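To start, the structure under review is shown below, and the notes come after it.
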Amino acid sequence: MRVVRVLFLCTGNSCRSQMAEALVNARLGDRWAAVSAGTQPADEVHPKALQALAEIGIRHPNAYPKLADEFRGTAFDLVVTVCDDAAENCPVWLGQGQRVHVGFPDPARATGTEDEMMAVFRSVRDDIEHRILPLLDTFAAWEAS
């Protein structure tokens, strides 16, 4: 079976795209190879994103924000933008791969107590898992037919 390659894009590559990458590699790693990048990478992966992943048993070691340009020459089967259309501009991907948008709010913008902010990270993590993984299964089935 061929491994399908997916790139997750957002602006900072510190939360949503990193969580999507980690979730796909952990849950669908036998069929999918995921990477993530941003148009304006942050200095680090948000610690609360890593904590939200760890809470469901997913480690994302050696994760760091990457510039989308690093992957311009890489052939992807699918490129998924995960920014929130209402709140920010999504990056444009000019490289290879079918493009699709699945928007999520940026948990890094959450305010409130530590518990309230973590609740936002958990909610986005769970939403990514419930929306992205079925999308990839559908894409793989479509591509195989």
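Every read-out reported here was derived from the displayed coordinates using simple, explicitly stated rules and does not represent laboratory data. For clarity, every value in this text was computed on a predicted model and none was experimentally measured. Cβ atoms come from the backbone with ideal geometry, glycine included; neighbour counts cover every protein chain shown.
For the pair Val102 and Ala119 in one chain, pulling the backbone fully straight at 0.36 nm per residue adds 4.1 nm over the alpha carbon distance. For the stretch 110-145, backbone nitrogen atoms closer than 19 Å to the point 7 Å from Asp30 Cα along Cα-to-C-beta are found at 133-142, 144.
Close amide-amide hydrogen proximity is noted between Arg5 and Ala33, Asp77, Leu78, each under 5 Å apart and 5 or more residues distant or on a separate chain (H modeled in the peptide plane; Pro and chain starts excluded). Across the chain, counting alpha-carbon atoms alone, Rg and Dmax equal 14.3, 48 Å. Which of the listed residues, Asn62, Phe104, Gln40, is farthest toward the dipole's positive end in the stretch 4-137, when Lys, Arg count +1 and Asp, Glu count -1 at the beta-carbon? Of the options given, the answer is Asn62.
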